[in-house]
Amino acid sequence: MKLPKLNILTETSKVLRTKSSDISFPLSSKDKKLIQDMMNYLELSQIEESREKHQLRAGMGMAFIQLGIPKRIFVIVQEMEDNTFERHVVINPRIKSQSEEMIYVSEGEGCLSITRETEGIVPRYARMRIIANNE
């Protein structure tokens, strides 16, 4: 798999703080290609050999807004125990409900748009129900 060329915005970009718009169906061929490129990038970033070869930081998720495109789409790519990858496309998500319980990853987590060393935890709801579309 070839590494897609993506221009991931950094935290200094004001575009990251703009509100993204819902998209309509069917998806454009350009959006479909970008979704595939994002998932391929994330998968390669989780494979140690590829990560070192291309000098990537590992990532599990990426949103269109991180590429400067204010559309409500994000993708998740997670490596499974059997070295396969589970891929998810989330389009026009809406939160239906969330738990009162909050959790965090004790080892910390990062963001591909933040390129400096940071420490801290990110509190998140333990459970959420969302309504969204896929491709």
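Quote the relative contact order of the chain in percent (integer), defining contacts as alpha-carbon pairs under 8 Å separated by 6+ residues. Display every interim value, and only then the final one.
Details: 209 pairs, mean separation 33.0, N = 135.
This gives 24 percent for the chain.
Using θ = phi - 60° and the Karplus curve 6.51 cos²θ - 1.76 cosθ + 1.60, what whole-Hz ³J(HN,Hα) does each residue of region 52-64 get, with Gly and Pro shown as x?
5, 4, 9, 6, 9, 9, 5, x, 10, x, 7, 10, 3
For the cross-link pairs Lys30/Lys71; Lys14/Lys96; Lys2/Lys71; Lys2/Lys53; Lys30/Lys53; Lys14/Lys71, which exceed 19 Å when the distance is taken from alpha carbon to alpha carbon?
Details: Lys30/Lys71 13 Å; Lys14/Lys96 28 Å; Lys2/Lys71 25 Å; Lys2/Lys53 12 Å; Lys30/Lys53 27 Å; Lys14/Lys71 15 Å.
In this structure, Lys14/Lys96; Lys2/Lys71; Lys30/Lys53 exceed 19 Å between Cα atoms.
Which number do you get for Rg(Cα) / (2.2 N^0.38 Å) in region 58-122?
Values: Rg = 14.1 Å, N = 65, 2.2 N^0.38 = 10.7 Å.
So region 58-122 has a normalised radius of gyration of 1.31.
For the residue pair Thr84 and Lys19, what label-to-label distance in nm results when each label sits 7 Å from Cα along the Cα-to-beta-carbon direction?
That separation, rounded to one decimal, is 4.1 nm.
About the Cα centre of region 14-133, what is the dipole size in debye to 20, counting +1 per Lys and Arg Cβ and -1 per Asp and Glu Cβ, all else neutral? List each step's numbers first, then the result.
Numbers: 18 positive and 17 negative charges, 201 e Å.
With only Lys, Arg, Asp and Glu charged at Cβ, the dipole is about 960 debye.
Do you know the relative contact order of region 1-79, to the nearest whole percent, from alpha carbon pairs under 8 angstrom that are 6+ apart?
Numbers: 91 pairs, mean separation 30.3, N = 79.
Dividing the mean separation by the residue count of region 1-79 yields 38 percent.
Out of all DSSP beta bridges in region 7-135, what portion is antiparallel? Express it as a percent rounded to 5.
Numbers: 17 of 18 bridges.
Around 95 percent of the beta bridges assigned by DSSP in region 7-135 are antiparallel ones.
For region 18-112, just the Cα set please: Rg and Dmax, both in angstrom.
Calculated on Cα positions, Rg and Dmax stand at 14.9, 42 Å.
Name the residue farthest towards the positive end of the dipole of the chain from the options Leu16, Met80, Ile103, assuming +1 on Cβ of Lys and Arg, -1 on Cβ of Asp and Glu, about the Cα centre.
Checking the options against the dipole of the chain, the answer is Leu16.
A short reminder: the numbers here are calculations on the coordinates, not readings from a lab. Being a predicted model, the structure only gives us computed values, none of them experimental. Positions of Cβ are backbone-derived with ideal geometry, glycine not excepted, and every protein chain shown enters the neighbour counts.
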